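Enquirer: Shown below is the structure under consideration.
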Amino acid sequence: MSLIVQKYGGSSVADATAIKRVAKRIAEAKRAGDDVVVVVSAMGDTTDELLELANEISPLPPLREMDILLTAGERISMSLLAMAIANLGVEAQSFTGQQAGVITDDVHGRARIIDVKASRIRQALDSGAVAIVAGFQGVTEHTNDVTTLGRGGSDTTAVAIAAAIGADVCEIYTDVDGVFTADPRIVPSARKIDRISYEEMLDMAASGAKVLMLRCVEYARRNGVRIHVRSSFSGREGTLVTDEHADAQEEGQMEQPIISGVAHDRTEAKVTVVGVPDVPGTAAQIFEVVAGADVNIDMIVQNVSAASTGLTDISFTLPATDGQKATAALQAVQGSIGFDSLQYDDTIGKLSLVGAGMKSHPGISAKLFGALRDAGINIEMISTSEIRVSVITRSDQLDDAVRAVHTAFDLDSSDGEAVVYGGTGR
Ligand code: ADP
Ligand code: ASP
Ligand code: MG
C-alpha cells in the first residue's frame, strides 16, 4: 500500500466528461489499496477567463480581491470531482486550501507556502476517504486572507502536500506524456525524458517549460519529493524527477546527457534605456528603481558607449505583466538619471538550451548560434550560465528557432510523434 498525491491540471478536468474520466482513475488507485490525496486545478482555461473578466471591470484590480476571485476556479473543480468519485462508490471529501492547512506568506498573486498543517487531510485518509484539495491557493497565517501561488501553482500545492504527509510519490497528471526535450506543441518530434535531475528540471522550468512550475521543483528538491509527470489521458510511464538520476550517473549506470532540452518563453518583454550617461553608478540607479517597483529582471545587456557622446544603452528583460510598472517607475526618474528615452518591446521570445553536461563540452554556444544563422533567425540578446544558454529572438520566429536548435543538437525522436492529448496551450 502506498501513499500517493495525484495532481490533475486544468486540461485533465476541462469538462464533465473529463472529470468523470479522472474520477475513475482515482477510484482505481483507491480500490488498489493506496491512500490517495488529489490536488486539482481549475477546469480548462477558467483562470484565464476569470482574469479577463476582472480586467473588464477594472484595469488594476486590488490584488486581495483578485486572489479571492481566482480561487473560485479550483473550488468548482474540487467539489465536482468529489461528487464524481462518490458516484463511483468511493468516499471523497474536498477541501479548500485554507481547510487543507496550506499556510502562505501575504504576497497576493504569488504567495509562497510556508507551512502545511495537514491534520484535516490525514483525518480524511484515516476515515478511508480520498482527500481532494483545491490547488493554487492558501491562506495567510495571521490575517486569514486568501492567497494564490502564481500561475501553475497547483503543482506547488501538490508537492507541498506530498512533503507534509510523507507521500511515496507526487504524480503530476497533465495533457502530455511527461517532460520532453522541447514543448511537444511546437516540436512534434520531441523525445520523452524518462528521468531528469532536479537541477536540470529547475533550469527547464526557469526557462519557460511550464509543464512543471519552477517553485514546485525547488520545493521538491529541498524536501526530497519524487515527482512523476505523466498524462491523465494514457497509461504510459512518464518522467521521473529525482536525484536518483544523478546517483545513477555517479555509479556509472547512466551517461549524463550533454543537453536535456530546449525551452522557450513568450512571457517576457524588453526595456531599453537609451542614452544613459556612461559613468559609475547609473546601472545601480536604474536597477534600484526597477527593484523598488518590485519587478524581477532576467537578462541585461549594456552596449559599448560611443566615445563621442559618453552615452550608452542598457537593455533588460522582465515579465511582460510587470512592463507597465517598470516603465512608469523609470519614467519618473528620467530627469535625475539623465537618460534620453525608454523603448518597450513585448514582441520578443526567449529560447534556452539546457543541459548539465554542457559545462564540460566546448562549442555548445557556437553550435546554437550556427543553427539559428542557418534558419535565418537574428539574435537580439544572449546570456549564459554553466548549464544554460539563452537567446532573445523575435516572438514570431521563436517556434522556428526552437525546432532548428532541437534538430541541430540531435534531440529529435526517431520513434514517432509526441502526443498532445488536450489543452489549448494557453
Ligand atoms: P496543466 O494544465 O496540466 O497544469 P500545463 O499547460 O501547465 O498543464 O503544462 C503542460 C504543457 O506544458 C504541455 O501541454 C506543453 O505544451 C507544455 N510544455 C512546455 N514545455 C514542455 C516540455 N519540455 N515537456 C512537456 N511539456 C511542455
Ligand atoms: N489554475 C491556476 C492557473 O491556471 C493554477 C494551476 O493550474 O496550476 O495558473
Ligand atoms: Mg500547469
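The values are calculated or read from the model by the stated rules, or taken from the named source; none is laboratory data. Predicted model, so just to flag it, every value in this text is computed and none were measured. In this analysis, Cβ positions are derived from the backbone assuming ideal geometry, glycine residues included, and neighbour counts consider all displayed protein chains.
Enquirer: Out of A72, A84, report the one residue that is farther than 23 Å from V211 by Cβ and either of a type in the set (V, I, T) or over 24 Å from the mean Cα position of the chain (by Cα) (or both).
Expert: A84
Enquirer: Next question, about the same structure. Quick check, is A332 surrounded by 19 or more Cβ atoms within 10 Å (Cβ to Cβ), over 14 Å from V405 (Cα atoms) and without any contact (Cβ under 8 Å) to a residue 60 or more places away in the chain?
Expert: no
Enquirer: While we're looking at this one, here's another question. Which pairs turn up if I take residues in the range 286-297 that are over 13 Å from F339 (Cβ atoms) and look for partners that are of a type in the set (K, R) and assigned to a helix (DSSP H, G or I) with beta carbon separation below 8 Å, at least 6 apart in sequence or on another chain?
Expert: A293/K325; D294/K325; V295/K325
Enquirer: Starting from residues that are surrounded by 15 or more Cβ atoms within 10 Å (Cβ to Cβ) and polar (S, T, N, Q), keep the ones in the range 18-63 and report whichever is nearest to ligand 3 (Cβ to nearest atom).
Expert: S41
Enquirer: Of the residues that make up the range 121-144, is at least one within 30 Å of D399 (Cα to Cα), charged (D, E, K, R) and surrounded by fewer than 24 Cβ atoms within 10 Å (Cβ to Cβ)?
Expert: No, the range 121-144 contains no residue that is within 30 Å of D399 (Cα to Cα), charged (D, E, K, R) and surrounded by fewer than 24 Cβ atoms within 10 Å (Cβ to Cβ).
Enquirer: Looking at the range 323-371 only, could you name the residues that are in contact with a Phe, Trp or Tyr (Cβ under 7 Å, 6 or more places away or on another chain) and of a type in the set (S, T, N, Q)?
Expert: T327
Every residue, every condition in (1) farther than 26 Å from A131 by Cβ; (2) within 16 Å of ligand 1 (Cβ to nearest atom); (3) surrounded by fewer than 23 Cβ atoms within 10 Å (Cβ to Cβ); (4) at pLDDT 95 or above, yes or no:
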site: T174; (1), (2), (3), (4): no, yes, no, yes
site: G178; (1), (2), (3), (4): no, yes, no, yes
site: R185; (1), (2), (3), (4): yes, yes, yes, yes
site: K192; (1), (2), (3), (4): yes, yes, yes, yes
site: A220; (1), (2), (3), (4): no, yes, no, yes
site: V225; (1), (2), (3), (4): no, no, no, yes
site: V241; (1), (2), (3), (4): no, yes, no, yes
site: E250; (1), (2), (3), (4): yes, no, yes, no
site: P257; (1), (2), (3), (4): yes, yes, yes, no
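Enquirer: Is there any pair linking a residue in the range 198-213 that is within 20 Å of D177 (Cβ to Cβ) and in a helix (DSSP H, G or I) to one that is more than 16 Å from ligand 3 (Cβ to nearest atom) and among the hydrophobic types (A, V, I, L, M, F, W, C), with Cβ under 8 Å and at least six apart or on different chains, and which?
Expert: E200/V354; E200/A356; E200/I387; M204/I196; M204/V354
Enquirer: Still on this structure, I have one more. Does at least one position in the range 168-179 carry a residue that is among the charged types (D, E, K, R) and touching a His at 6+ places or on another chain (Cβ under 7 Å)?
Expert: Yes, that holds for at least one residue.
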